[in-house]
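FYI, it's all coordinate maths here, none of it is from the lab. Just so it is clear, the structure is predicted and the values come from calculations on it, not from any experiment.
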Amino acid sequence: MIKILAISDRESSSLESILKKNPSISKSLDYLISCGDLGRDYLTYLSGSLNLELMFVYGNHDARQKESPGGIQPAAFNSRTALPGSNLHKNFIKRGEYSLIGFEGSRWYNGQGTQYEEKEMKSHVNSLLKKIKLKHMFGKISGRPKNPLIVVSHAPIADVHDLKDPCHKGFDCFKTVIEKLQPVLWLHGHIHQPSLLKNQATTYKGTRIINVCEYRFISIDAGGKIKVSYDWNKI
Ligand SMILES: [Fe+2]
């Protein structure tokens with residue numbers, strides 16, 4: 001059994017309150033994963049208070065954020081190495097019994113921040129698939145990584161939790177990742193309209209896809225059963 005705290009897009013006072021009231025949670029968590037668009041102070045606080053490595057991707061707004069004494073301001077932000085932890089973008093990381101990969105940013109919609117055209121993201125996907133193959137991480141028969149795989153992206157997959165507008169449309173090429181690598185879990189952010197602040201989870205070709213609005217506690221048991229909830233006691 002592993003337990004994950006996934007966070008994305010919006011800071012959550014509810015999460016901070018839960019963690020303060022239940023200090024034992026930190027001892028039971030295995031992974032802290034950010035799907036992007038969160039400030040450095042918040043991420044540093046969570047990683048430090050939970051004593052967990054932060055594994056993250058940047059969101060579309062991250063490249064435009066600038067820290068100041070007054071907080072985060074929408075201005076040029078280039079400190080892309082400033083976050084504490086491991087950047088999963090186009091990266092393959094093995095932690096414990098799981099492997100993790102990630103893809104940052106959203107679809108291109110106005111050219112500002114971290115945004116990619118479909119063909120650019122497809123190029124990221126292909127280079128990562130090649131990287132994994134070169135590292136001999138593929139199983140000899142199945143063609144999949146030897147360890148169960150978790151994918152972390154900011155943007156959603158096309159047709160799964162995405163919206164029709166150019167900013168919130170998902171990437172088609174993410175479907176290739178699912179077909180080739182068959183991850184057990186895919187965590188994404190970016191879709192955080194108030195009406196969606198509920199558990200939004202979908203199974204697509206065997207992969208459990210979870211929209212991480214603010215935060216989610218997630219567990220995966222030894223049999224591969226995945227639970228997701230705002231409530232720590234329900235996973
Ligand atoms: Fe976003």
Calc'd 3J(HN,Hα), the range 20-25, phi into Karplus 6.51 cos²θ - 1.76 cosθ + 1.60 (θ = phi - 60°), Hz, glycine/Pro = x, comes to 6, 6, 10, x, 5, 4
Lys94: which aspartates and glutamates have alpha carbons under 17 Å from its alpha carbon, excluding same-chain residues fewer than 8 sequence positions away?
-> Asp30, Glu53
Sequence order, the range 90-104: Karplus ³J(HN,Hα) from phi using 6.51 cos²θ - 1.76 cosθ + 1.60, θ = phi - 60°, Hz rounded, Gly and Pro as x, gives 6, 10, 10, 10, 9, 9, x, 8, 10, 10, 10, 9, x, 9, 8
So, in Å, what gap is there between the alpha-carbon centers of the range 161-235 and the range 1-68?
-> 17
As straight-line cross-link partners of Lys21, the qualifying aspartates and glutamates (C-alpha separation under 18 Å, not fewer than 8 residues apart within one chain) are Glu11, Asp231
Would you mind checking Lys122/Lys234; Lys133/Lys169; Lys27/Lys133; Lys27/Lys225; Lys169/Lys227 for any pair whose Cα atoms are more than 32 angstrom apart?
-> Lys122/Lys234; Lys27/Lys133
Given H placed 1.01 Å from N in the peptide plane, which residues other than close sequence neighbours of Glu214 have an amide H under 5 Å from its amide H?
-> Ser8, Arg10
What ³J(HN,Hα) values, in whole Hz, does the Karplus curve 6.51 cos²θ - 1.76 cosθ + 1.60 give for the range 4-14 when θ = phi - 60°, with x put for Gly and Pro?
-> 10, 9, 9, 9, 6, 6, 10, 5, 10, 5, 5
Taking H as built 1.01 Å from N, whose amide H comes closer than 5 Å to the amide H of Arg107, not counting residues under 5 places away?
-> Tyr116
